[in-house]
Structures are given as C-alpha cells and as structure tokens.
Amino acid sequence: ECPFCGEVAGRELEAHVRARHGHLLGAPGTGIVEQLYECPMCSLTCTNIQILEEHVDLHLEEHNFSEDGNIRDLELAQQLQTEEDEQQRSEEEKREREEFKKLQRQYGLDNSGGYKQQYLKNMEKEVDRGNMQPFEYHKRKADMMECLAFGIDDGKTKTSGVIEALCKYYQNDNKDVRHVWLSTGVDHFHSSLGDKGWGCGYRNFQMLLSSLLQNSLYNDCLRDTTLIPSIPKIQSMIEDAWREGFDPHGASHFNKRLHGSKAWIGACEIYSLLTSLRIKCQIIDFHKPTGPMGTHPRLFEWVLRYYSTDNEGGAKVMCTSKPPIYLQHQGHSRTVIGIEEKKNKTLCLLLFDPGCPSQEMQKLLKQTSDGTSLKLLRKFLGSLKEKQYQIVAVDGVLSLEEKAACCHASQVLTSEKIP
C-alpha cells in the first residue's frame, strides 16, 4: 500500500512511488528513493528515522502527561471526597455530642448539681434582684439545710384540704355533673426554687404518699416513712430500690445514681419505689391513642373503673378510699384525684398538677358557687392528646414473698400494655 495515496501497489510499490510520487522523494530521474517511516501512533509518514523517533517521543510525552494528569485528578478527587466525608463525620459527631449534652441538661444528668444547689442559686438570684432580703436568704437557707439533714419536706409548697372542699362543692352543685368519684384525702405539692423544671415526678410521689399515710392499710409498709420525704431523700429511696434489684435497666440509665442530680423520674421509678416499700401497684401503658383526633378514651374508661369498682350506687358524690393515680406522659407527670361523669355521659378527669402554685390551689378551698376554680383540675378527653400515657395505680399491700416476685418480674417486664 502506497504510504502517499493509499493505493495498493504490491510488489511494484517502489516503481509506483517513483512514478507517481517521485517529486516527494528527491529530484526526478535521480533514482534515489528515500526510506519512509510511518508513525505507529498516528500513521504520519516520516522520511528520517530521527524525525520519527522525535515524533514518537512527543506522542509518549503527551500520553504520559495525560495519564499522570488523570491520575493526579483522580487522587485529588479522592482526597477532596475523603476530607469532605471526614468533615461531615466530625460535624455529625459534634451535633450528636451537643444533642446528648442537651438531653443530659434537660433530664438533669449533666452533673450540674441537684436540689440544694439549685435552691441556693435561685435564692441568690432573688437577692440580686431585690426580691429577697439577705436575712431572709440566710433564714431560708438554714431551714432548708435542717430539712435536708432530716430528709423531710419543708411543707412550704403544700396545700391540704382540697378533696374535702371538693366533696362539699359537688354535694351542693346541681348543674351538669351526674356522678363524681374522688380519691381519699390528698395533699397538693408544687415545685419550689430547688426543683423547678424537673421535680414533677417527685412532687407527684409526695402527693400519692400523703394519701397513703392517711390510710391505715399502709401503716405497716410506711412505718419508717411517717413524714413526707424531701426530694433528695426520695432520690436516695429510689437508689435503695435499685440496690434491692428493682428495674436494673432503669438503674443503668441513671448510672444507678439520682441523689445530688436534677434527674427526671417517671412511672418505672415510682413503681420500683412503691414496690420496694411493699405497696402493691401496677403500671398500665396506654401506648397509643384509642380515639379520634389522638385522644385516649380507654384511659378515661380505665380511671372510671378504678374509682367506681366497689363504689357504685345512687349517690352523686363518691368519696372513695382509693389512693390517687400517678399519670405520666412525655415531659411531665400529674396526679389523678378523681373523675366526673357528666349528665351527657362524657367523662372528665380531675388532676393535681405540680406546676400549679399554692396561691392558685388555695382558691379551691374557697370554692365559689360557679365552680370557676375547678378549671385548674378538669381535663376533658380533648385535653389529653399526648401520644402515650402511663399510669401507676396502687392496689393494696404485698407480702415479703410477693415483693420478691415483683422484684424478679421487674427485671424482665415492667409494664402491661393495653392493646
């Protein structure tokens, strides 16, 4: 094949090149034919081997440059991707640490001090603002330290006599209430300077305990607890229950330590504490809404059965011997002290809220004829729309054998779920 025109010349290639392309090879008629060299990479024809070598070297250099460039580009891209992944991972870990610290602060597990530290700190703020005189600060500090030393509540957030006032009110009220069932006597406790923002679970336990202490059925169980314990004392009591073997999973969540912290407690801690005192109780978990618009009619029906069992009759007001019920949902807890049944059959829970201050609760002791203060207590079906609720209900006394069985059971399963 002719390297100049591509024509197939076979054995006559030299004659063909001399005849057709002699002007490219040398002077016509000289008979001198130059050797042709074809580039193996681009098919360019060279007449000199040195030129071809230089030409091919250029190809190789260009190829190597391109190849090296691609490798460098790939390495750079991989390096940039690695750096980006590491940065994202670092940011994610930082976010997780911040979220974890936020949760620790929210639930009082950040080692920032407990009831005593918060109480003193808040009183100091009140002095700085001019709302408290220094002499009052020192007096209240001394009172607090004395109560903490004896492990008893100072009673400054307590309101007594509300149940009795409600009984009188409902007996005289002839409006839309058909029946009402009320717990046995319960004192209301609200949060103080020392536990504001995290103490609702402890305050609800104090409410429940105030009722049990008035019931002779529980005298033997509570012979070592004749007065309402302070919040730090309650924390120590829960730690004692953990040491007995109750709820090891919950204990590990708190690193087996509550005292001196602002840790939130819930239904499982209340159950463990009550059972360790040989008080028979159960946790009922209303783990999903059972009515329209995210409501919980099954919860209301359960409370009605709890109070009305053994307390049925024609009387409008039933002052039962039933203890109040501990009610827990995400972020807060309250105490159920009764339930109303309206003339149209709708139900309304009556709740003590630890967030309600004493001056508001005092209004219930001077109940007006229109019952406006009852708005503090009443919760209708549409008012309780959290995703999940748990209740702890007391139902008698445990023997030592039953207590041991409950301790073993709590290590496996601590709640019964309502389907």
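Below are the figures for this structure:
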quantity: Stokes-Einstein D (µm²/s) once Rh is taken as the Kirkwood radius of region 295-418 over alpha-carbon pairs, at 25 °C in 0.890 mPa s; calculated: 147
quantity: Average projection area in nm² (convex hull over Cα atoms of region 151-417, one quarter of hull surface); calculated: 13.8
quantity: Percent accessible area from carbon and sulfur atoms, region 151-417, protein chains only, probe 1.4 Å; calculated: 51
quantity: Solvent-accessible surface (1.4 angstrom probe) belonging to S43, in square angstrom, nearest 10; calculated: 70
quantity: Probe 1.4 Å, protein heavy atoms only - accessible area per residue of region 151-417 in square angstrom; calculated: 44
quantity: Cα-derived Rg to Rh of region 116-270, Kirkwood definition; calculated: 1.04
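The values are calculated or read from the model by the stated rules, or taken from the named source; none is laboratory data. Please read all numbers here as calculations on a predicted model, not as lab measurements. SASA here: full protein model, heavy atoms, side chains in, ligands and nucleic acids out. Shrake-Rupley method; radii C 1.70, N 1.55, O 1.52, S 1.80 Å.
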